[in-house]
Amino acid sequence: MKYLIVSDIHGSFPAVENMLNFYNTHHCDMLCILGDILNYGPRNSLPEELNPQGIAEYLNKMSDKIIAIRGNCDSEVDQMLLHFPILSDYMIIVDNGKKLFLTHGHIYNEEKLPLGKFDYFFYGHTHLWKLEKQEKGMTICNTGSITFPKNGNVPTFALYENGTVSIYQSDGHLLKQL
């Protein structure tokens, strides 16, 4: 299966449209959202074209193809708009024998890894993309943010397929692959 993995949308409708264009063009099977979907949060400025209701409507049309995790800006009120679960702190996917741990990053992160052995650890929260393989063999991927990238980074998301993780700029340009 081909998974598009994204975090930190923060209510920006154009960012979602752009990301879903990539999803459709590249024939992805599942969209994995690592939290902070609708709410922009008190520490961020207003995102371009803030439209949580429009995003919910757009994503609800493909709810059967979405796995979502709760971010620190997501709440029960957000869940009322969305037709797919968003309130789990993490999700584990097993794909062709590989274990993928998906989380937002405010509870589990590189400094506080979950118990157990995983082949891939995906998170967001910091708005800084990262892709590297640890000495112990686990691949760490921070998907960055498609709305509020930090420290001069560009908007990014990740793609996972058959044991390969790729980080893409939101315009579709490949930045790194492992």
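Contact annotation: residue pairs with Cβ atoms under 6 Å, 6 or more positions apart or on different chains, pairing a residue in segment 109-133 that is closer than 14 Å to Ile146 by Cα with a partner that is among the charged types (D, E, K, R) and open to solvent by 20 Å² or more (accessible area, probe 1.4 Å), are His127/Lys150; Leu128/Lys150.
Only residues that are open to solvent by 70 Å² or more (accessible area, probe 1.4 Å) and more than 16 Å from the chain's Cα centre (by Cα) were counted across segment 25-49, and they come to 8. Among what's in segment 1-17 and is buried (at least 17 other Cβ atoms within 10 Å of the Cβ) and not aliphatic (A, V, I, L, M), pick the residue that is nearest to the chain's Cα centre (by Cα). Across segment 1-17, the extreme among qualifying residues is Ser7. Checked against (1) in contact with a Pro (Cβ under 9 Å, 6 or more places away or on another chain); (2) farther than 23 Å from Pro114 by Cα; (3) part of a loop (DSSP other than H, G, I, E, B), His27 meets all criteria but (1).
Just wondering, is there one or more residues in segment 76-87 that are in a strand (DSSP E or B), touching a strand residue (DSSP E or B) at 6+ places or on another chain (Cβ under 7 Å) and crowded, with 19+ Cβ neighbours inside 10 Å? Within segment 76-87, not a single residue is in a strand (DSSP E or B), touching a strand residue (DSSP E or B) at 6+ places or on another chain (Cβ under 7 Å) and crowded, with 19+ Cβ neighbours inside 10 Å.
Within segment 141-178, the set of residues being open to solvent by 50 Å² or more (accessible area, probe 1.4 Å), over 25 Å from Glu49 (Cβ atoms) and part of a loop (DSSP other than H, G, I, E, B) comprises Asn162, Leu178. If the condition is being touching a Cys at 6+ places or on another chain (Cβ under 9 Å), outside any loop (DSSP other than H, G, I, E, B) and open to solvent by 10 Å² or more (accessible area, probe 1.4 Å), then segment 120-140 contributes Tyr120, Tyr123, Lys130, Glu132. The residue of segment 93-119 that is nearest to Asp74 (Cα to Cα), among those that are outside any loop (DSSP other than H, G, I, E, B) and open to solvent by less than 20 Å² (accessible area, probe 1.4 Å), is Thr103. Phe22 meets the stated requirement of being within 14 Å of Val6 (Cβ to Cβ), surrounded by fewer than 22 Cβ atoms within 10 Å (Cβ to Cβ) and at pLDDT 95 or above.
The values are calculated or read from the model by the stated rules, or taken from the named source; none is laboratory data. The structure displayed is predicted, hence computed values, not measured ones. Don't worry about glycine lacking a Cβ; one is built from the backbone with ideal geometry, like all the others, and counts go over all protein chains shown. Ligands, DNA and RNA are excluded from the accessible area calculation, which covers all protein heavy atoms including side chains. Shrake-Rupley method; radii C 1.70, N 1.55, O 1.52, S 1.80 Å.
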